[in-house]
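Report on the following structure.
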Amino acid sequence: LKMSWFWTFLPLHLLMVACLCHSIKAPITSSQQSFKTDLFNFYHSLILADGKETTIHLMKDIPKRYYFVLEEGRALAPFTITVTPCDVPIEWSILVHKASASLLGKAARGDHETQEVSKSQKAPGMVSTVFSYKGNSVETYMGMSSHSALYMLEFLSTERDTHITVYLTTDTTSGHLYPELPMDPRIDVIGVGHTTVTLTWKHSPSVLQHRENIQYCLLVNEKHNYKSLCAAETAIRSSGMKLPPTLALSLSPYLFEPQQVMILSNSELSIINKASSGEVRQICMGTKNTYTVPNLSPSTQYYFDVFVVNLLTNASAAYTGTFARTLEEPEPKVMELKDGKVIQVVLDGQNQKLYSLRYQARHKKIQFTFQLCRGQVRVHITKNGRTVALENISGLRYFSLKGKLLDTYLVQLRSTEESNSSVKVQVSPQFHKPLFPLLPESLKIKSFSKLRTCNSVTIAWLGTQEESKYCVYKKRIEEDQVWMELQSVDRCSGPESRHKSEKVLCKYFYNINLQRAVTTETIKGLDAGTLYLFDVYLFGPSGIPVRYHSKVVKTRKKC
């Protein structure tokens with residue numbers, strides 16, 4: 001009597017489970033016993049939504065089970081299940097319990113380790129595994145049941161915590177959630193240059209039918225191909241990078257909060273992944289099926305993946321990825337240096353190539369000036385074939401040399417880092433007109449922790465005995481942007497590369513006594529508990545700036 005209310009309000013699918021649990025009779029195998037236990041504890045489990053993509057989070061070595069019921073009403077009840085791993089390979093299987101009749105099924109879009117249990121392996125009233133899969137490809141199972149049946153989907157990740165998406169539908173008459181791929185889903189490389197690769201692929205049938213709601217998106221990286229857009233986004237997010245809020249196209253619901261608006265754009269988004277020291281680009285080009293990828297590095301292997309995306313549902317399907325290696329850049333010719341002219345050289349750190357500059361002296365005394373913009377550079381100077389200078393430079397470096405008229409100097413530059421380096425070079429006989437301003441002993445910016453408040457910070461830097469102009473700039477940054485901001489800074493760039501709103505002030509300063517050649521500045525109007533990046537630019541008589549080392553300071557959260 002006490003339990004009568006329970007059976008009265010028990011949902012239909014739970015009643016079915018109770019009956020099915022009761023119908024399982026010995027002898028049964030251990031797997032069937034486990035399934036029977038799951039059925040008994042069905043009210044602790046999750047029902048898989050029909051016609052909706054479900055995101056499932058998996059913990060390592062802990063299986064997760066979802067259920068769905070096919071009820072009577074039609075002679076044959078078709079259904080499809082699509083599972084998309086978003087990171088590491090997973091194991092998943094479909095189990096069914098039904099009282100009688102057969103179950104017909106087949107696997108589609110699968111070319112990996114799959115298994116399907118034949119009709120002869122199933123007996124009426126038994127629990128059967130009708131399909132199982134192990135891998136990280138997008139896999140779809142299409143089945144058809146002739147009687148009411150309870151299905152269980154079991155998912156397991158043995159490598160690490162991950163997440164997947166699962167799509168179940170019993171309505172095969174309406175449109176597809178996922179865009180369709182052509183019969184030949186390969187990407188063809190039809191052109192390779194030093195810095196470009198041209199790709200083409202066959203149109204998706206979905207583009208031809210629903211052109212306004214479908215578009216192609218291309219992913220370019222130097223690491224490997226991705227089997228789904230979900231996997232690519234997981235890799236980008238795991239690098240610790242945040243996608244900028246100005247991103248105009250959401251390729252997946254994982255990229256934006258649900259309340260944000262998705263707007264179509266044909267612009268390119270590049271995200272630097274510091275974990276893989278490579279560039280990952282997401283490029284959406286509408287419904288064009290031919291695209292030339294620009295701005296690539298010479299002699300570098302790139303991986304290309306094309307995804308056809310449904311803009312209404314954010315669902316996507318992946319073409320078979322490809323790769324190509326850009327052509328090797330021809331050996332650079334020796335460049336001639338001219339008196340007083342400044343040139344900037346970008347050095348390929350990955351291939352460690354030498355960059356050569358030649359100068360024929362028109363004066364007995366000359367001076368080479370090097371300003372390091374990014375990375376680390378090794379300088380080798382020879383005069384008439386004999387070495388006169390060889391060292392790694394940092395910051396600003398002068399080499400004053402003596403010789404004869406028409407002496408030939410050869411300057412060879414090489415990056416000492418795996419990443420690209422950049423340096424400015426000038427040669428001049430005019431010692432009395434220096435290109436760069438007189439520099440202090442240190443280009444470091446100091447902040448005073450005790451003087452920090454919720455809306456202000458105080459910084460200080462060294463000056464010189466020469467009256468010079470100093471300009472202070474600030475930039476608000478997030479904590480996960482600090483590394484990239486400090487590593488990617490171009491020390492040769494001046495304030496012209498900064499936004500006007502970042503300028504704080506400019507002032508003139510000097511002191512004959514170098515011990516007192518220091519100045520401080522309190523920057524006010526800041527937000528509490530916020531990180532700011534501060535830069536100071538020093539201008540000399542020539543107007544060419546020298547940038548101090550950037551300083552990151554966080555305002556106090558509470559005052």
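What number of residues within region 53-110 satisfy the criterion of being basic (Lys, Arg), within 20 Å of PHE155 (Cβ to Cβ) and either modelled with pLDDT under 75 or not assigned by the TED database to the domain that holds GLY135 (or both)?
As a first pass, look at region 53-110 and keep what is basic (Lys, Arg): 60, 64-65, 74, 98, 106, 109.
Applying the additional criterion that residues be within 20 Å of PHE155 (Cβ to Cβ) yields 60, 64-65, 109.
Filter once more, so that each one left must be either modelled with pLDDT under 75 or not assigned by the TED database to the domain that holds GLY135 (or both): 109.
So the count comes out to 1.
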Per the list (1) in the same structural domain as ALA517 (by the TED database); (2) open to solvent by 20 Å² or more (accessible area, probe 1.4 Å); (3) assigned to a strand (DSSP E or B), residue check on LEU390 breaks on (1)
Within region 465-504, the residues that are within 19 Å of GLY540 (Cα to Cα), out of contact with any Phe, Trp or Tyr (no Cβ under 8 Å at 6 or more places or on another chain) and among the small types (Gly, Ala, Ser) are SER493, SER497
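Of everything in region 373-387 that's part of a strand (DSSP E or B) and in contact with a Ser or Thr (Cβ under 6 Å, 6 or more places away or on another chain), which residue is surrounded by the fewest Cβ atoms within 10 Å (Cβ to Cβ)? Even if it seems obvious, please write down each step before you answer.
Residues of region 373-387 part of a strand (DSSP E or B): 373-374, 377-383, 386-387.
Checking the rest, the ones that are also in contact with a Ser or Thr (Cβ under 6 Å, 6 or more places away or on another chain) come to 373-374, 377-378.
Numbers: CYS373: 19, ARG374: 22, VAL377: 26, ARG378: 16.
Checking each candidate, the answer is ARG378.
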If you check THR519, THR458, which single one turns out to be in contact with a Phe, Trp or Tyr (Cβ under 8 Å, 6 or more places away or on another chain), under 15 Å from GLU441 (Cβ atoms) and polar (S, T, N, Q)? THR519
Which members of region 543-559 meet the condition of being outside any strand (DSSP E or B) and open to solvent by 60 Å² or more (accessible area, probe 1.4 Å)? HIS549, ARG556, LYS557, LYS558, CYS559
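Is it fair to say SER456 is within 37 Å of the chain's Cα centre (by Cα) and of a type outside the set (D, E, K, R)? Give the derivation first.
Numbers: within 37 Å of the chain's Cα centre (by Cα): yes; of a type outside the set (D, E, K, R): yes.
For SER456, the condition - within 37 Å of the chain's Cα centre (by Cα) and of a type outside the set (D, E, K, R) - is met.
Hey, among ASP527, ASP535, which residue is of a type in the set (Asp, Glu), closer than 20 Å to VAL457 by Cα and surrounded by fewer than 12 Cβ atoms within 10 Å (Cβ to Cβ)?
Working: ASP535 fails: surrounded by fewer than 12 Cβ atoms within 10 Å (Cβ to Cβ).
Going through ASP527, ASP535 in turn, the sole match is ASP527.
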Check on VAL536, closer than 19 Å to GLY395 by Cα and in a strand (DSSP E or B): yes
Failed item in (1) within 30 Å of HIS363 (Cβ to Cβ); (2) touching a residue at least 24 places away in the same chain (Cβ under 8 Å), with LYS333 passing the rest: (2)
So is VAL138 in contact with a strand residue (DSSP E or B) (Cβ under 9 Å, 6 or more places away or on another chain) and either outside the structural domain of VAL83 (by the TED database) or modelled with pLDDT of 90 or more (or both) or not? no
Index of the failed condition, SER422 passing every other in (1) open to solvent by 20 Å² or more (accessible area, probe 1.4 Å); (2) within 30 Å of LYS383 (Cα to Cα): (1)
Please verify whether TYR133 is open to solvent by less than 30 Å² (accessible area, probe 1.4 Å), in the same structural domain as MET59 (by the TED database), more than 30 Å from the chain's Cα centre (by Cα) and not charged (D, E, K, R), treating the condition exactly as stated. no
Scan region 284-295 and tell me whether some residue there is small (Gly, Ala, Ser) and open to solvent by less than 30 Å² (accessible area, probe 1.4 Å). yes
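The values are calculated or read from the model by the stated rules, or taken from the named source; none is laboratory data. Bear in mind that the values here come from a model prediction, so they are computed numbers and not experimental data. Here the Cβ is made from the backbone with ideal geometry for all residues, glycine too, and neighbour counts use every protein chain on show. These accessible areas exclude ligands, DNA and RNA; they are computed on the full protein's heavy atoms, side chains included. Shrake-Rupley method; radii C 1.70, N 1.55, O 1.52, S 1.80 Å.
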